[in-house]
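One structure is given below, encoded as structure tokens.
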Amino acid sequence: MAADRASDRPHLAATYREARSAVLAAADRVGAEPLSFVHPSAGREDEELAIDVMTVGPVDADSVLVIVSGTHGVEGYAGSALQRWWLESRAGQRPPGVRVVLIHALNPIGFSWVRRVNEDNVDLNRNFVDWTQPPTNDAYGEVAHLLVPESWDEESRAATTHALLEVAGEVGFDRFQEIVSSGQYTHPTGVFHGGSGPVWSHRWLADHFSEIAGSARRLGLIDLHTGLGPWGHGELISHETGGDPGYERGTAWWGEVRSMRDGESVSASLDGDWLAAIDGWVPDVEVTAAALEFGTVDTITVMQSLRADAWLHAHGDPSGPDADAIRAQVRAAFADDDPAWLAKLVERFDDVTSAALTALTPTVT
Ligand SMILES: [Zn+2]
């Protein structure tokens, strides 16, 4: 019985290459012919990197649901597994009249290198800002040397972590999270760096999003993330606030969305989120977009993994002997190989996608 084989149960891939080939094979089985947009760099195993776009449903549909993985590279291990699960288990039950588009590995190089950030050490969700007036975050500069010190041994780790916790104690944890993670534009080798201009994945979205939306008059979008919130819990995060049409539609579709703007969400309020840019690319489309953020481990453990990763790429050797242990630390912070974790994600993802498809299904009059 094939269905009983452990390999058939949803599981996280070990590498980007494995994740990509599994998703492409699943897409092939349901006739969702992928369009592949190859990244200029090769991956960590010298593999081809690409954003793969897979589509099922009528090309002229008024209603379109877009599901995105890997905006934050390493978070794509879970996102890719969910996309693959959807192709294998739900694509065949999709309501007629809705087109579903899966965008696999929006930041493929981060996925391959087991990093949240991209080839430029840029956090894609801090990159969609007004580049004539990038946001300022002066408080980041005061802790930058503590977040990513020049050496990363037991002693420097302990000393800088202690100093950071002291700062958190002084300013309060919420403010500390905001200083560290809301985005910064001054320290290119630091954490949560927004960049100095639109990065490759940003330019790809700007060039292709209206084509992906195609005939859509109504578009739902779910951007899959991990690393914030309680273990296995999936919070829908809106970039809008209560009263905004997208926020209100999201609430009607899913029962609840939480705004990152007004302190409701596990996420700090941040600048440069890509979901906020969608309306500009498809101004005539009614867009209902949310990030679906799944919890893994506690915030401090996540933060330590990101500090280690930033150090590795700023001062260490990403191909050297220290690198595998740091990549394992980052992966564990963003992707739990416990099947019970993925089972919780699948259940929540199923509910969220089903509700979106129901809301997007044209009513017959
Ligand atoms: Zn994320």
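The values are calculated or read from the model by the stated rules, or taken from the named source; none is laboratory data. All figures in this text were calculated on a predicted structure; none of them were measured in a lab. As a convention, Cβ positions derive from the backbone with ideal geometry for all residues, glycine included, and neighbour counts pool all protein chains shown. In case anyone asks, the SASA skips ligands and DNA or RNA and just uses the protein heavy atoms, side chains included. Shrake-Rupley method; radii C 1.70, N 1.55, O 1.52, S 1.80 Å.
Annotations
- Taking the criterion of being open to solvent by 50 Å² or more (accessible area, probe 1.4 Å) and assigned to a loop (DSSP other than H, G, I, E, B), the residues of segment 215-241 that qualify are 217, 233.
- Scanning segment 308-323 for residues that are modelled with pLDDT of 95 or more, open to solvent by less than 60 Å² (accessible area, probe 1.4 Å) and assigned to a loop (DSSP other than H, G, I, E, B) gives 316, 318.
- Looking only at segment 101-151, residues that are under 22 Å from residue 37 (Cβ atoms) and free of Cβ contacts under 8 Å to residues at least 60 places away in the same chain come to 1 in all.
- On inspection, residue 2 passes the criterion of being among the small types (Gly, Ala, Ser) and at pLDDT below 95.
- The residue that is nearest to residue 199 (Cα to Cα), among those in segment 242-279 that are small (Gly, Ala, Ser), in contact with a strand residue (DSSP E or B) (Cβ under 7 Å, 6 or more places away or on another chain) and assigned to a helix (DSSP H, G or I), is 246.
- Residues satisfying the stated conditions in segment 116-126, i.e. surrounded by 24 or more Cβ atoms within 10 Å (Cβ to Cβ), farther than 15 Å from residue 51 by Cα and away from the ligand (no atom under 12 Å from the Cβ): 122
- Search result, residues across segment 349-362 that are surrounded by fewer than 18 Cβ atoms within 10 Å (Cβ to Cβ) and in a helix (DSSP H, G or I): 350, 351, 354, 355, 358
- Residue in segment 274-291 that is closer than 26 Å to residue 204 by Cβ, within 18 Å of the chain's Cα centre (by Cα) and open to solvent by 20 Å² or more (accessible area, probe 1.4 Å) present: yes
- So residue 320, is it away from the ligand (no atom under 16 Å from the Cβ) and more than 23 Å from residue 180 (Cβ to Cβ): yes
- Segment 43-58 - residue that is open to solvent by 30 Å² or more (accessible area, probe 1.4 Å) and touching a helix residue (DSSP H, G or I) at 6+ places or on another chain (Cβ under 7 Å) and, of those, nearest to the ligand (Cβ to nearest atom): 44
- If you go through segment 59-86 and keep only what is out of contact with any Lys or Arg (no Cβ under 6 Å at 6 or more places or on another chain), more than 16 Å from the ligand (Cβ to nearest atom) and not charged (D, E, K, R), you end up with 59, 65, 66, 85, 86.
- Within segment 198-214, being open to solvent by 20 Å² or more (accessible area, probe 1.4 Å) and more than 19 Å from residue 290 (Cα to Cα) holds for 198, 200, 203, 207, 208, 211, 214.
- Yes/no for residue 170 being loosely packed, with under 15 Cβ neighbours inside 10 Å, modelled with pLDDT of 95 or more and more than 28 Å from the chain's Cα centre (by Cα): yes
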